[in-house]
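S.K.: Pasting in a structure now, in structure tokens, and then I'll have a few things to ask.
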Amino acid sequence: MYVLILAIALPALAGCGAAPAGSPANQPPAGNAAGSERSQDPSPALTPVTLQDGEKLRVVATTNVVADIVRQVGGDDIELVSLLPPGADPHSYQATPDDLRRLNQAHVIFINGLRLEEAMVSILENLDQPVPIVSVNRTVTPRVLDEGVAGARDHGNADPHTWMDVGNVVQWVATIAETLTGLDPAHGSTYTAAAASYQETLAALDSEIRTAMAAIPAGQRKLVSDHDSLGYFANAYGLEIIGTVVPSLSTMASPSAQELAALQRQIEQEKARAILVESTVNPNLAQQLAQDTGARVVVIYSGSLSDAQGPAPTYVEMMRYDAQAIARALGSPVD
């Protein structure tokens, strides 16, 4: 949710200003974050970073979802840091002094972009060293938001939650592999092979989710989300979101009493069976609505992965967990 601001200081939100040693002045564009269409700019060739013997490419990812996708491509050939720990909300996360150090030491920073990381704007604008910043959504066409969604205009009318459609993450993988190969061509074939393998895994995951959602009776595919974060999932997999507890892109907003009353009526009229609540969000409002309407509160992982002991420690496991939880709540026989 901060891409437009960064685009002023960091053109195209990809570090297109002064570049660090070994990198060109123009980095891969991060996508047309302020609007509803993806960037059509070609990605310029990257000059390789000079690495000493035993030194790995230092990579920082803002969110743990982005970090997991980068990890699948970079593997052991990169030194990867995720700024957001499991359970952190990307809308409100405040970077620490350690985060600032890691950002300044990075060879490249991968962000979600589309103004998701709104709380990190000032830090990313004011790094001590120029570091290329690449949005994984550089080639993704964002979902266009209705003007009635709170914050839509502030976010360039673009929904940043693109990872909830697996097809978009397939595009992330290509952008990540291209970037890592440009900076570290010695491992380019490894990055390319890992990307191709992971894209096959994602294709299988996408098919699995479609099968699970198709098993839900057509009249039962209506749900409510805690905020406007599941549009990509609903559009991709045939569900209908009839309302949101917080009618906003951000978890930091609050609904009015009138909005909650209207949502309660909508749930009752539409006979929605589930209210989906992110693991990072306070469920109190959703629980009250569920109590008043008979709907079921279903906790999902979307803004953040779980820790290693949880049910969603990777992107693939997160999406599988969410799909199965939604299918069960809406009446599918999926176990």
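S.K.: Of the residues that make up the stretch 140-148, is at least one assigned by TED's automatic domain parsing to the domain that holds Pro48, crowded, with 24+ Cβ neighbours inside 10 Å and of a type in the set (A, V, I, L, M)?
M.R.: Yes: one or more hits.
S.K.: Right, another one. I'd like to verify a number: residues in the stretch 197-226 that are small (Gly, Ala, Ser), at pLDDT 95 or above and surrounded by 14 or more Cβ atoms within 10 Å (Cβ to Cβ), how many?
M.R.: Total meeting the criteria: 1.
S.K.: Here's a check for you: in the stretch 227-267, which residue that is at pLDDT below 90 and of a type in the set (Asp, Glu) is surrounded by the most Cβ atoms within 10 Å (Cβ to Cβ)?
M.R.: Going through the qualifying residues, I end up with Asp228.
The values are calculated or read from the model by the stated rules, or taken from the named source; none is laboratory data. Computed from a prediction, not measured in an experiment: that's the story for all the values here. Ideal geometry is used to build each Cβ from the backbone, glycine not excepted, and the neighbour counts take in all protein chains shown.
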